[in-house]
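Have a look at the structure below before the remarks.
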Ligand code: GDP
Ligand code: MN
């Protein structure tokens, strides 16, 4: 439709020019797919590999790094190798990167996790889930197999790409001086992270970091009369962490006086990290690791839910350390993970070319952004004919 065409012209060549031939002869980046998985996820992994190979990697041949806290068995390995011609490396995660660190009293942490099971919080009572979240938050990029790479693209079991990706997103990010790319942003369940923002905000203050414009993406708009998720009503949810924390033996906490948050409230938004293309050097930077360390020491990876997931950790780190220009929204990627998907064809035309909240916006503009269909629910109406070879 012309309306889409007109708006898109400036932004998304792919929507205007139609199907592109894969640009296979260009330079390659120093990059790999990173896949954390277990043997029992073989089928889901095969589905994901089939999808990314069919829609991208059969032309580009980026290698894969598989990581596991256990050993991959030969059935798993063969299944993967049957579906790609790329180099595949198999990595075992050492106990130092998986599980409880030295400074934690395992029994206290286990008890904290068990309590979450009682409260029927999704995944909360599952110890391995907490280890996974912590590993993806502050460990995977330190794995020896990743040292030689500068970029990674995260892949999970049971995901789907709908559209051919006919250009190299790594090269695209390098040329445009990007650090972190996402395709879906969602709101976290409040009970999973009652304290996360207080700590992230404390880190920002303790290091005298001023926002480069991205931090605001994670703030509740002041003029909204919304539920006081992080406020006094929920103080009970926050207090136990401090108590639990001293028991853990961590206690290297920064200023966590809620009064010092200068009225800022987390809006629960985060980049959904099951898809991620990012620069490993950023994750390896001192700033990022200081951030992780501080969050880690708070005990939140064990004493609070089903994550402090790596998604809000990566997102709030980006908010504290990066600017809007460092972020890329891959809104031309068709992508699905479990119940949430983003399809370029789903976005109503007036919204299609916008880069929600990544534009430097007025408050009025921000209000519209909130209503934006920047991530599309599977039930959202579909308009076909937009995007490149979507199927
Ligand atoms: P969800 O997307 O939040 O529901 O979490 P997933 O169950 O998909 O886990 C996220 C990623 O971590 C997936 O790639 C899983 O295969 C992987 N993963 C989760 N738990 C474990 C674990 O205990 N061991 C290993 N090796 N991988 C895990
Ligand atoms: Mn998943």
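A few comments on the model shown:
- Linear extension gain, residue 207 paired with residue 58, 0.36 nm per residue minus alpha-carbon span: 49.2 nm
- For the range 41-76 versus the range 91-109, the gap between their alpha-carbon centres in whole angstrom: 26
- Ascending count of other beta-carbon atoms within 10 Å, so fewest first, for 303, 139, 126: 126, 139, 303
- If the segment from residue 77 to residue 115 were pulled out straight at 0.36 nm per residue, it would be longer than the present Cα-Cα gap by 10.0 nm.
- Counting beta carbons within 10 Å around each of 106, 69 and listing the fewest first gives the order 106, 69.
- Hydrodynamic radius of the range 37-182 per Kirkwood, over alpha carbon pairs, in Å: 17.3
- Sorted peptide list for 168-176, 141-149, criterion being average Cβ within 10 angstrom, highest first: 168-176, 141-149
- Relative exposure of 211, 48, 86, judged by other C-beta atoms within 10 Å (fewest first): 211, 86, 48
Quick note: the coordinates plus some simple rules give every number you see, no bench work behind them. Nothing here was measured: the structure is a model prediction, and the numbers come from that model. Note that we place each Cβ from the backbone using ideal geometry, even for glycine, and neighbour counts take in every protein chain shown.
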